[in-house]
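Working notes for the structure below.
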Amino acid sequence: MTLNELPADDWRRAVYGRSQVGGIGIRRRPRAVDRERIISQQGYICLYCELPIGTKIWRGRREVMLVAQWDHFVPYAYSQLNLSSNWVLACHVCNGIKTARMFNDVESARQVILPERIGKGYESPDGVLHRLGLERQQGIALLPVARPTDRQLEALQLLATGIPLTHIASKMEIGPPRVAALLDAAARRMGATSRSEAVATALRNGFISTPATGDES
């Protein structure tokens, strides 16, 4: 839906005052601190279909893995802004279907996106949950996360305190390349795409503890 198709009294006309525009501003990814906040809030789950990123689903006879994308909830084509409050985590399927359409709220977006998703031949989110034996917790689907090795968790726990890689290497009595390999292996094991995300995932699943105030930084 474009702004020109909206009713004259629609709130989006008052806020944006224009239809889609281009060539103004620079579209950016959210900052690292915003990405971590959003992942913590959403649990690395698509805002729209509520399936965990990395889930493998079927589209007809073809298997597709859901890939993480950062979405402007109010499309960038209208706002031309990269506000931290406007970013959400979405799978590539839902984000591709949503495109530059605007919605009043998340539920309104789901009511449009999910039927179109099914119409394009993708499994319904409920069907995926049933097939994989997953359950929703407060509307969020949870996938079991593989626990890293003890050595990997030791590196993650130290990384959570914010100390540099060289200090972690010193504490673990190994070289920095080995520390980097441990952290990257832990991230892959848990399905994380970065070391900061790996720390957040490990904290969320209770694999490591929240650093106490006064830990070395």
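The table for this structure:
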| read-out | value |
| --- | --- |
| Evaluation of Thr166 against (1) β-branched (Val, Ile, Thr); (2) modelled with pLDDT under 85; (3) open to solvent by 70 Å² or more (accessible area, probe 1.4 Å) (one fails), failing number | (2) |
| Inter-residue pairs, beta-carbon under 6 Å, first closer than 13 Å to Leu159 by Cα and surrounded by 16 or more Cβ atoms within 10 Å (Cβ to Cβ) and in the stretch 179-192, second modelled with pLDDT of 85 or more and among the polar types (S, T, N, Q), 6+ apart | Leu182/Gln152; Ala186/Gln152 |
| All positions within the stretch 136-147 that are at pLDDT below 75 and either open to solvent by 100 Å² or more (accessible area, probe 1.4 Å) or basic (Lys, Arg) (or both) | Arg136, Gln137, Gln138, Pro144 |
| Subset of the stretch 105-135 that is more than 26 Å from Val33 (Cα to Cα) and in a loop (DSSP other than H, G, I, E, B) - its residue that is modelled with the lowest pLDDT | Glu135 |
| Leading residue by the ranking (nearest to Lys56 (Cα to Cα)) among those in the stretch 161-200 that are outside any helix (DSSP H, G or I) and of a type in the set (S, T, N, Q) | Thr193 |
| Test: Ala100 is over 14 Å from Cys49 (Cα atoms) and outside any helix (DSSP H, G or I) | yes |
| Among (1) under 17 Å from Gln42 (Cβ atoms); (2) of a type in the set (Ser, Thr, Tyr); (3) modelled with pLDDT of 85 or more - the single one Thr201 does not satisfy | (3) |
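The values are calculated or read from the model by the stated rules, or taken from the named source; none is laboratory data. As the structure is a computational prediction, the values presented were derived from the model and not from experiment. Quick reminder, even Gly has a Cβ in these numbers, built from the backbone with ideal geometry, and neighbours come from all protein chains shown. Protein only, heavy atoms only, side chains kept; ligands, DNA and RNA dropped before computing areas. Shrake-Rupley method; radii C 1.70, N 1.55, O 1.52, S 1.80 Å.
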